[in-house]
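> The structure's right below; bear with me while I get my questions together.
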Ligand SMILES: Cc1ncc(COP(=O)(O)O)c(C=O)c1O
């Protein structure tokens, strides 16, 4: 329906207030005064006049879920978020649940935000079945900061640690660890352009290594551990930034799991650390307070001002994942999407290629190239015209990469696969 006058568009920015859901309320009752509206309050007199008062209310609401103005975003991160989560955040943006404030305006020590962070933690614990002996920390600084925080908290400067390097992120973690410990790369996939993961049993581990570090899913190269190694001393540390909450994980097998939120569970700015409690409290003396797990654990992630809005968004995503039935169901959906895409690549008679060994192909990040590499720019351009964006591969590897995190609907992958077939028919 065409809108009669522009003030209606103001209504459309907040899709779910109660007054819009109640068809008996007249449009002349749109509040734009200083009083904020709780989703539960009824309408009050308003200051905006709307020209059309006879149009049925439901016609004025934004498009239903798969709205026409959204693209399929295949970015590696920050990445797409579930549409219903965005809409819920939109509906609560101006006035969070009758508090008269946005989450962005709340004291991080107030009762409202306390309830938000506690619920986020509790839902994450349920999702991942996190044992009580583990702390959950909501931190800042990205996963990159954890590359330093981990050796600083777990090692003395001369302690030995092992790194299994299956891609660029594992390599960066190793390099940072060199400043605070004595790390050794026990295997690197660099010479094979990071397309493999080795059989762990055949590798020689450093006998007294304090821990083994892996990157569970290499976002740039698209290689993912399907089973996890058991290091000699039992302490496994995993960067799960790009497959966090994409499938169930046995947390008890890890000393630390850490992840930046911006791929699967929220916006950038939040880093989640799940750490076995007995590993906390031994940081090197030089450790800055912001990197000391004990400081954050003792203060329930509120030592300083946390990324409140990001934590709130992560909480909405956790709620959404639970509502979908938890991580086993999510994994099934992710497998289906990935299978569809890999089958399209493998079934293209070499027109498309994925360099990664089949057994370790990522369910989250699918890198591929074109046999006729001169067509890659055209592929990306034409896909963007069809509202499929961010398909360019990482600058270090080139080609294409489709990141298909939890929030990418099956319809997005189906559309991409159909586009790939059309593109092949046109240019093969
Ligand atoms: C697997 C992995 N580890 C670490 C990082 C670095 O994360 P951040 O930019 O949040 O520091 C990324 C970012 O893309 C990543 O994909």
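The values are calculated or read from the model by the stated rules, or taken from the named source; none is laboratory data. Fair warning: this is a prediction, and the values are worked out from it, not measured in the lab. Positions of Cβ are backbone-derived with ideal geometry, glycine not excepted, and every protein chain shown enters the neighbour counts.
> Considering only residues that are at pLDDT 95 or above, away from the ligand (no atom under 16 Å from the Cβ) and part of a loop (DSSP other than H, G, I, E, B), which ones fall in segment 232-257?
Correct list: 235, 248, 250, 255.
> Related question: From 60, 86, 93, grab the single residue that is at pLDDT 95 or above, more than 16 Å from the ligand (Cβ to nearest atom) and more than 30 Å from residue 417 (Cβ to Cβ).
Going through 60, 86, 93 in turn, the sole match is 93.
> Moving on to the next point. Residues 403, 348: which one is farther than 30 Å from residue 320 by Cβ, crowded, with 16+ Cβ neighbours inside 10 Å and touching a residue at least 60 places away in the same chain (Cβ under 8 Å)?
348
> Hey, another quick one. Given the structure, is residue 181 free of Cβ contacts under 8 Å to residues at least 60 places away in the same chain and under 29 Å from residue 341 (Cα atoms)?
So residue 181 does not fit the description; no.
> Do we find a residue being in a loop (DSSP other than H, G, I, E, B), more than 16 Å from the ligand (Cβ to nearest atom) and within 24 Å of residue 273 (Cβ to Cβ) anywhere in segment 167-179?
Within segment 167-179 (the criterion being in a loop (DSSP other than H, G, I, E, B), more than 16 Å from the ligand (Cβ to nearest atom) and within 24 Å of residue 273 (Cβ to Cβ)), the answer is yes, since at least one residue qualifies.
> Given the options 266, 281, name the one that is in contact (Cβ under 8 Å) with a residue 40 or more places away in the chain and either more than 13 Å from residue 130 (Cβ to Cβ) or within 16 Å of the ligand (Cβ to nearest atom) (or both).
Selected residue: 266, the only one of 266, 281 that is in contact (Cβ under 8 Å) with a residue 40 or more places away in the chain and either more than 13 Å from residue 130 (Cβ to Cβ) or within 16 Å of the ligand (Cβ to nearest atom) (or both).
> Moving to a separate point now. List every residue pair whose Cβ atoms lie under 8 Å apart, where the two residues are 6 or more positions apart in sequence or sit on different chains, the first residue falls within segment 131-154 and is touching a residue at least 60 places away in the same chain (Cβ under 8 Å) and not assigned by the TED database to the domain that holds residue 264, and the second residue, located anywhere, is within 12 Å of the ligand (Cβ to nearest atom) and part of a strand (DSSP E or B).
Note: no pairs meet the criteria.
Residues checked against (1) modelled with pLDDT of 95 or more; (2) over 24 Å from residue 366 (Cβ atoms); (3) away from the ligand (no atom under 16 Å from the Cβ); (4) crowded, with 19+ Cβ neighbours inside 10 Å:
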position	(1), (2), (3), (4)
114	yes, yes, yes, no
144	yes, no, no, no
156	yes, yes, yes, no
162	yes, yes, yes, yes
182	yes, yes, yes, no
191	yes, no, yes, no
213	yes, yes, no, yes
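> For residue 206, state whether it is within 16 Å of the ligand (Cβ to nearest atom) and in the same structural domain as residue 304 (by the TED database).
So residue 206 fails the test.
> Hey, does segment 124-138 have a residue that's at pLDDT 95 or above and within 16 Å of the ligand (Cβ to nearest atom)?
Looking for residues that are at pLDDT 95 or above and within 16 Å of the ligand (Cβ to nearest atom), one finds at least one in segment 124-138, hence yes.
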